[in-house]
Amino acid sequence: MHVGNRYGIHNLGADLRPLALRVKANLQSGEQTAPNSLSLQNQTGEPWEIHEFKFYMRSQNPLEGHVAGGFMQAALALDSMPITDGFVPTWAMAPAHALDIERLSPYWATQLTSSALNMFGVQPSLREDGMYYWNLDHPLYVPPGSSIKVQFNHTGLNNVAATMGMTASGRVLPGTARPEKIRVPWISTWQSQMYEPLTSGSTQGYAQPEISQETQLNNPFDVELKVERFIGRINQVIQYISGTTQYTNVSDLFTGPYDQMFRVKQYDSTGNLIVPLAGGFRNVYGSRNRSWTVRHTMPPGAYNRVELTKIAAAAGIVINPGISTARVVQVRAQAQVSIVGWREESL
Amino acid sequence: MNSSKYDSPCVLISSVSVPRGGATPLNFAAMAKRSRGWLKISEIQFSIDPGIILNRTSVNGLSPGDQYGGLINVDCGVGRHRMTNGQIPVWLLGPRLSVFGEYGQQTYLNSPNTGLGGTNRMPVINNYTWRLPKPMLVPPGTSLGMLITRPSELLLDGATPLPNAMTVEVSAKGVQLAKPPKNRETDIPYVTYFRGPYLNPTALLLECGQGFATGNSLANPFNKPLMVERFTQRTAFGFNATSPQSAGDFQWYYGNIGSLTGGPSNIRLRIFQNHYEVMSETQPSPQNFGGAPTVLDNPQGKAIIDSVFNPQWATWRVGQELASKEWFNAELSANLPFYSAANWNVVPQVAMVGSRKEHV
């Protein structure tokens, strides 16, 4: 549909102009914050159409650990209309279009001298930034005076303070009529317990299979939800001691035990067996993009349930004999699944 | 019948263990929807777990832990319709996911010492995705049958560092339709491939026509047009310790040569249709007619494979209709020694991926 038709006008063109608004906050480990909502308020006096949310995050102390979208989370809303179901991992919003870009760093281009640190993706002397882009499936119409409400959450998986920012980019549509209904994105996420991928035990004290709640991965609205995709991430946490310093690295980079450890089934509240037989996590939710694009409609009030089973570690997956196990504090991983779509809301 | 009035996502999953030289079918029931719902499959994913963490032997950035998709083949069909022309290496079904390997490329950018497992170990699982040219309708109760094989011909020697049975998991992803389709005609994919001979890079010079695909290897065998979506190309690269300087089965397998600097530029290709409509060529290079050929000669005008196939995705989108019973010819040559070891061999492979209309 031509943008002019979408908003009931036919004179769009010369007056269109790009607009990107940004908000930033500093967070201590485990802290939540709501940055100044005026930063993302549409003060142009004209409608604003958002095309993309961009998230940027940086550890304030790379010597101790890095940051990543698995534990740096955001909650978004357009005025009173929620965009996310509470806090959502920022890497669970959109396909991973370039896994290597998610964590920009000169580190990747270097050959490290310490294989021990390298093994876990920890390089204490260089900075790594996390970058995640959510290109909206449909532009988000923001009326004059309305604003994007943002809250950031550092879930405390490591101890480093972090800087986190978000940019909402799009364009101003001068003279645009106010539509009766707009399309508002929606993300709902489920996160599993943290499991140990290196041990052979499968239950680790948790009930198996672990099942997502009815209030997650859901359509809580009284209108249909147009689902675009599922996102599946494995949030990998590694704590390691070198010298007297403990490092914590969090990523979704490595294959191997992480890919092998989770098997999932999935069904929905209307009786559809989405994944009837347990399959590998990546084989359901995608490997390269960490996403499964499957457009469908969820009726009002419907929900998905994911059954997650942690299987025993595969034979041969052990910490390298050259590395003292005493220096490995812990290795953990959790599954994160989100449903991404949109619904229509009345203005 | 689907209990909802809405289409819903659906994944069919089955995994098998395939020893070297073995062939194992996927579970027939697991690859069929047992309800009365119709499926529309849009994507098939493969993961290959070699069941072992390999010590890395660094050879120009490659290792035997790289790209098992050249070793695992799939013979696929839906109901009575063929989707592959016999056994097709998994890595030829779709574009390459990552230029560094079929999984997160950052593990390569990092260093050899990556993957949980530590120094000199490799990440252990490869992933391949085949997005079908067009979504495919699958009637209720019809199984997406696949035979997973691991031919020993590419990796014959018992001393191979890949002795274990590999676990292959296949997931077919799409939606279950709430209502039966009004039209039972659908697009069924079809993949066929041509595998060149073993080429020894040090021995080759101006070996035109070393590989020559004719007849049914890149053909449309159906009595209806085939819409060719793309060609894909890979070159298996390996080491034959048992008979240096001879072309034969690999003892060591090193994946796709596309990762090797300088390698692809020395393999040339020409593709033309059976009525000699040339699809890829370049200007012939001068040659020394009076004496021995020189390394830069290219008298046949074959194009460097990386200029025919996107070097990142290892694919060439063509979007061309191939009439019934017609075929493509592919000529391969390697005309420049690019590696000094006498006992390296390469095996170029070219696949044609398309679809045709069928009633299901």
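The values are calculated or read from the model by the stated rules, or taken from the named source; none is laboratory data. The structure displayed is predicted, hence computed values, not measured ones. Glycine also receives a Cβ, built like all others from the backbone with ideal geometry; neighbour counts cover every protein chain displayed. Protein only, heavy atoms only, side chains kept; ligands, DNA and RNA dropped before computing areas. Shrake-Rupley method; radii C 1.70, N 1.55, O 1.52, S 1.80 Å.
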Subset of region A:279-292 (residues that are in contact (Cβ under 8 Å) with a residue 60 or more places away in the chain and either facing chain B (nearest Cβ under 9 Å) or not in a strand (DSSP E or B) (or both)): A:286, A:288, A:289, A:290, A:292
Residue that is modelled with the highest pLDDT [pool: residues in region A:185-202 that are open to solvent by 10 Å² or more (accessible area, probe 1.4 Å) and within 14 Å of chain B (Cβ to nearest Cβ)]: A:196
Checklist (1) at pLDDT below 70; (2) open to solvent by less than 30 Å² (accessible area, probe 1.4 Å) applied to residue A:245, failing item: (2)
Filtered residues of region A:23-77 (kept if hydroxyl-bearing (Ser, Thr, Tyr) and within 13 Å of residue A:131 (Cα to Cα)): A:56, A:59
Output for region A:14-30, where each listed residue is open to solvent by 60 Å² or more (accessible area, probe 1.4 Å) and either in contact with a Gly (Cβ under 8 Å, 6 or more places away or on another chain) or over 24 Å from residue A:248 (Cα atoms) (or both): A:14, A:15, A:17, A:18, A:20, A:22, A:24
Condition check for residue A:155: under 26 Å from residue A:251 (Cα atoms), open to solvent by 20 Å² or more (accessible area, probe 1.4 Å) and modelled with pLDDT of 95 or more: no
Candidate set from region B:102-149 (those that are part of a loop (DSSP other than H, G, I, E, B) and under 18 Å from residue B:167 (Cα atoms)); member that is modelled with the highest pLDDT: B:125
Residues satisfying the stated conditions in region A:300-333, i.e. under 28 Å from residue B:12 (Cβ atoms), at pLDDT below 95 and in contact with a Phe, Trp or Tyr (Cβ under 7 Å, 6 or more places away or on another chain): A:308, A:310, A:333
Condition met for residue A:250 (modelled with pLDDT of 90 or more, more than 9 Å from every other protein chain (Cβ to nearest Cβ), touching a strand residue (DSSP E or B) at 6+ places or on another chain (Cβ under 8 Å) and in a strand (DSSP E or B)): no
Number of positions in region A:298-310 that are surrounded by 18 or more Cβ atoms within 10 Å (Cβ to Cβ) and either within 7 Å of chain B (Cβ to nearest Cβ) or of a type in the set (A, V, I, L, M, F, W, C) (or both): 4
